[in-house]
Amino acid sequence: AQTVTQSQPEMSVQEAETVTLSCTYDTSESDYYLFWYKQPPSRQMILVIRQEAYKQQNATENRFSVNFQKAAKSFSLKISDSQLGDAAMYFCARWNTGNQFYFGTGTSLTVIP
Amino acid sequence: NAGVTQTPKFQVLKTGQSMTLQCAQDMNHEYMSWYRQDPGMGLRLIHYSVGAGITDQGEVPNGYNVSRSTTEDFPLRLLSAAPSQTSVYFCASRGLGSGANVLTFGAGSRLTVL
């Protein structure tokens, strides 16, 4: 199965706190890429962070970092110092050497002032 | 640099009507694709293309047609709209080759079929 699973439909975090969004995936490929996309109320899909499966080091982009556990097929997103602008739907996605990206069902993040 | 441009942003159709969602990109990307987004189901691939004259089906192709006559344009056609096609549609593109695997999305098109 070529699935991406996000088990948390909704999450909330206090402003300035840290939150972790979970993602697991299934693949038989050894070469693939993982992504987190953010979709704010504007509906625009915005790339947050990308991880190459062959890299052991976890990717980071400013306040966003991932915990990539290849053996467990887990790819969680950590948002530090949460800001009101982080409120959005977050999608985990996987791409392998084929031509299809597989997306999870999304996690809606609320940031509480 | 406009990126990926989709039109229209909103459309209301009656059952049985036809329409075309337009998608254009100015990044010289070989790969273009159409997704639909439905609540609780994430984004699902409808059709994709790896170059002019080449198209292929994704996960949910029924009821949709595509063509790719130029590198820049990838229109999605609904020949006979059904209420089940009410959704938000996204066009996305990426370059091919090592490192060029990030999808760039258009702003989306909300379609309602009555």
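The values are calculated or read from the model by the stated rules, or taken from the named source; none is laboratory data. What you see is a predicted model; the values in this text were computed from it and never measured. Cβ coordinates were reconstructed from backbone atoms using ideal geometry, including for glycine residues, and neighbour counts include every protein chain displayed.
Regarding residue B:22, is this residue in contact (Cβ under 8 Å) with a residue 24 or more places away in the chain and either within 11 Å of chain A (Cβ to nearest Cβ) or surrounded by 14 or more Cβ atoms within 10 Å (Cβ to Cβ) (or both)? Considered against the rule, which asks whether it is in contact (Cβ under 8 Å) with a residue 24 or more places away in the chain and either within 11 Å of chain A (Cβ to nearest Cβ) or surrounded by 14 or more Cβ atoms within 10 Å (Cβ to Cβ) (or both), residue B:22 comes out as yes. I'd like the residue in the stretch A:3-24 that is assigned to a loop (DSSP other than H, G, I, E, B) and touching a Cys at 6+ places or on another chain (Cβ under 6 Å) and, out of all such residues, is farthest from the other protein chains (Cβ to nearest Cβ). That would be A:23. For the stretch B:63-114, a tally of residues being surrounded by fewer than 19 Cβ atoms within 10 Å (Cβ to Cβ), closer than 19 Å to residue A:102 by Cβ and touching a Gly at 6+ places or on another chain (Cβ under 9 Å) returns 4. Residue B:60 meets all of the listed conditions (1) in a loop (DSSP other than H, G, I, E, B); (2) in contact with a Gly (Cβ under 8 Å, 6 or more places away or on another chain); (3) β-branched (Val, Ile, Thr) but one, namely (2). Sort through B:5, B:71, B:86 and tell me the only one that's farther than 23 Å from residue A:37 by Cβ and away from chain A (no Cβ under 11 Å). From the options B:5, B:71, B:86, the qualifying one is B:71. Can you say whether residue A:39 is without any contact (Cβ under 8 Å) to a residue 40 or more places away in the chain, surrounded by 12 or more Cβ atoms within 10 Å (Cβ to Cβ), within 23 Å of residue A:105 (Cβ to Cβ) and within 11 Å of chain B (Cβ to nearest Cβ), as far as the supplied structure shows? Judged against the criteria, residue A:39 is not a match.
Per the listing B:44, B:77, the residue uniquely within 14 Å of chain A (Cβ to nearest Cβ) and closer than 28 Å to residue A:106 by Cβ is B:44. For the stretch A:89-113: of the residues being buried (at least 19 other Cβ atoms within 10 Å of the Cβ) and away from chain B (no Cβ under 14 Å), which is nearest to residue A:6 (Cα to Cα)? Looking at the filtered set, the residue picked out is A:109. Scanning the stretch B:63-94 for residues that are over 16 Å from residue B:5 (Cα atoms) and assigned to a loop (DSSP other than H, G, I, E, B) yields B:63, B:67, B:69, B:79, B:80, B:81, B:82, B:86. The combined condition, being over 26 Å from residue A:42 (Cα atoms), in a strand (DSSP E or B) and not β-branched (Val, Ile, Thr), is fulfilled by residue B:49.
On the stretch given as the stretch B:5-31, residues that are at pLDDT 95 or above and under 20 Å from residue A:102 (Cβ atoms) total 0. Taking the numbered list (1) of a type in the set (S, T, N, Q); (2) outside any loop (DSSP other than H, G, I, E, B); (3) over 14 Å from the mean Cα position of the chain (by Cα) in turn, residue A:44 passes all entries but (2).
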